[in-house]
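Here is the structure we will look at.
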Amino acid sequence: MSQPPISMRNPLKAAFLAWLVPGLGHYYQGRKGKAFLYAFCILGLYFFGLLMGEGKIVYWRWVNPFQNPEKFCVHYLGQFFVGLAALPALIQGTLQHYGYGPIFGGILAEPSQIVLNGLHPRLGKLVEIGTIYTTVAGLLNILAVYDAYEGPAYQDEEEESLSRESPPALVAAGGLKAEGSA
């Protein structure tokens, strides 16, 4: 049985769309089941984690990680790959770096140190768990972007039929059989 070929359309556009909104690149390619699965799982994980941290755990600071490592937001490097859902944090961080105030009502802007210090005692481990959830969602979307770019993995029909007919040693030897006793 051969699998019908899937039209990959434009792989670069599909990969960009998959980064922009998880599942959108797969929807563009016509792989709707995978699109809904990725969108539900990745965005669900991201927004559930964001909810755990009361929306204060996804933010970006423009600092040099070598000069000020405790203020560097290493978790945002993973969160960024969720796409549009995490992009306001980068915009807010850039505006703050250049001395402008937050926009979009302060959504995903860096919270003050007082707010950050108040989250941990009140919410406890939920802050760390939410940070991990949002970061893992971004890292999972990297795999989804790759899948949208490269497409599903299928074994060639010739290789598949050859591996069913002959043992691996015969395939490696070019299909020659050794006769006689050992």
Residue span PHE48 to LYS13: 0.36 nm per residue of separation minus Cα-Cα distance leaves a gain in nm of 9.8 nm
With a 1.4 Å probe and every protein chain kept in, tell me what percent of the accessible surface of region 60-99 is carbon plus sulfur. 67
Any idea what diffusion coefficient region 1-138 gets from Stokes-Einstein, in µm²/s, Kirkwood Rh on alpha carbon pairs, 10 °C, 1.306 mPa s? 97
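May I ask you to order 55-61, 104-110, 125-131 by the average number of other C-beta atoms within 10 Å around their residues, highest value first?
55-61, 125-131, 104-110
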Among the lysines, which have Cα under 18 Å from the Cα of LYS125 when same-chain residues fewer than 8 positions away are ignored? LYS56
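The values are calculated or read from the model by the stated rules, or taken from the named source; none is laboratory data. All values derive from a computational prediction rather than experimental measurement. When we count neighbours, we look across all protein chains shown, and the Cβ atoms used for this are built from the backbone with ideal geometry, even at glycine. For the accessible areas, the whole protein counts, side chains as well, though only heavy atoms, and no ligand, DNA or RNA atoms are used. Shrake-Rupley method; radii C 1.70, N 1.55, O 1.52, S 1.80 Å.
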